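Enquirer: This is the structure, below, for whatever I ask next.
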Amino acid sequence: MYLANNDPDQNSTLIKEFDKVKFSMCDTIEFWISTKRDSVIKMIKAVDAVVINDEEAKLLTKEFNLVKCAKKMMEWGAKYVIIKKGEHGSMMFFDDVIFPSVGFSLEDVVDPTGAGDSFAGAMIGYLASKNSINLSDIKKAVVYGNVLGSFAVEKYGLDGLLQIKKTDITKRVKLYEKMIRF
């Protein structure tokens, strides 16, 4: 289950409506952090994972260091914290594991709007395809998030996502793996 960056009070109520949730993840935005910070924290307590960008993580936790931001959110109840860092990729935190993942390098970025939503959508979509979820699956989901985010920024609006096929995604994931292998 993915709780997008809607009103955190509504999200906290919504998650209670579902039985047998295999995995839950939420996102938030600066508006909710500024106007309903306590509700955002309550929402984080109700999910397995939080996906948030670096500036919002700092604003929410009142920390400057991203490791400290993640630790604070895990203290609030999230088992996994994924901090998006735009073109620089993301960092996934779980217990004492830190999984940094680079952004997919592109020569031309046309429109960054929606990259974060594409990232989260790819993550939850990948995890939904699994029978059970483990740390390895979460890491792979983060890679898919980075890859789909890269498709999103190559064109305006949804145009970067509407024309891609599963083979395009698979090809880019292989390029990504080749890019980070040493």
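Enquirer: What does the convex hull of the alpha-carbon atoms of the chain project to on average, in nm²? Provide the component values of the computation, followed by the final result.
Expert: Working: hull surface 42.3 nm².
With the hull built on Cα positions only, its mean projection is 10.6 nm².
Enquirer: Taking only DSSP H segments of four or more residues, each worth -39500 (n - 2.57), what value at 222 nm results for the chain once the sum is divided by all its residues, to the nearest 500 deg cm²/dmol? Intermediate results must be reported in sequence, preceding the final value.
Expert: Numbers: 9 runs with 93 residues, N = 182.
The helix-only estimate for the chain comes to -15000 deg cm²/dmol at 222 nm.
Enquirer: Please check: in the Gaussian network model of the chain (C-alpha springs, under 10 Å), which one of Val110, Val67, Val143 has the largest mean-square fluctuation.
Expert: Fluctuation is largest for Val110.
Enquirer: If you don't mind, another one. Which entries in Lys72/Lys139; Lys36/Lys72; Lys58/Lys140; Lys20/Lys85 show an alpha-carbon gap greater than 23 Å? Before the final figure, lay out the partial values.
Expert: Working: Lys72/Lys139 21 Å; Lys36/Lys72 17 Å; Lys58/Lys140 25 Å; Lys20/Lys85 32 Å.
Distance filter (> 23 Å) returns Lys58/Lys140; Lys20/Lys85.
Enquirer: Now for a separate question. Over 30 Å between Cα atoms, which of Lys130/Lys171; Lys45/Lys165; Lys16/Lys165; Lys84/Lys130; Lys79/Lys155 qualify? Don't skip to the answer; put the middle values down first.
Expert: Values: Lys130/Lys171 20 Å; Lys45/Lys165 36 Å; Lys16/Lys165 35 Å; Lys84/Lys130 23 Å; Lys79/Lys155 34 Å.
Correct reply: Lys45/Lys165; Lys16/Lys165; Lys79/Lys155.
Enquirer: Would you look at the GNM of the chain, springs on alpha carbons closer than 10 Å, and say which of Lys155, Lys165, Lys42 moves the most?
Expert: Lys165
Enquirer: Post the alpha-carbon centroid distance, segment 30-96 to segment 7-23, in whole angstrom.
Expert: Rounded to whole Å, the Cα centres lie 18 Å apart.
Enquirer: Does anything in segment 10-34 have its amide N under 19 Å from the 7 Å Cα→Cβ label point of Lys130, and if so which residues?
Expert: Taking a point 7 Å out along Cα→Cβ of Lys130, the residues of segment 10-34 whose backbone N falls under 19 Å are 20-27.
Enquirer: Then there's this: Count the net charge of all other residues whose Cβ sits under 15 Å from the Cβ of Glu30, scoring Lys and Arg as +1 and Asp and Glu as -1. Mind showing how you got there, number by number?
Expert: Numbers: positive: Lys36, Arg37, Lys58, Lys62, Lys84; negative: Asp7, Asp27, Asp54, Glu55, Glu56, Asp117.
That works out to -1.
Enquirer: Another one. Can you compute 3J(HN,Hα) from phi for each residue in segment 142-159, using the Karplus curve 6.51 cos²θ - 1.76 cosθ + 1.60 with θ = phi - 60°, rounded to whole Hz and x for Gly and Pro?
Expert: 5, 4, 4, x, 4, 5, 5, x, 5, 5, 4, 8, 6, 9, 7, x, 7, 4
Enquirer: Label 7 Å along Cα→Cβ of Lys71; segment 37-63 residues with amide nitrogen under 16 Å?
Expert: Those under the cut-off are 58, 61-63.
Enquirer: Between Ile180 and Phe18, what's the calculated FRET efficiency when r is the beta-carbon distance and R0 is 41 Å? Round to 0.05.
Expert: So the FRET efficiency works out to roughly 0.70.
Enquirer: Additional query: Output the 0 to 90 degree angle, nearest 10, between the alpha-carbon long axis of helix 166-180 and the longest principal axis computed from the alpha carbons of the chain.
Expert: Roughly 90 degrees, rounded to the nearest 10.
FYI, it's all coordinate maths here, none of it is from the lab. Computed from a prediction, not measured in an experiment: that's the story for all the values here. Positions of Cβ are generated from backbone atoms using ideal geometry, with glycine treated the same way; all protein chains shown enter the neighbour counts.
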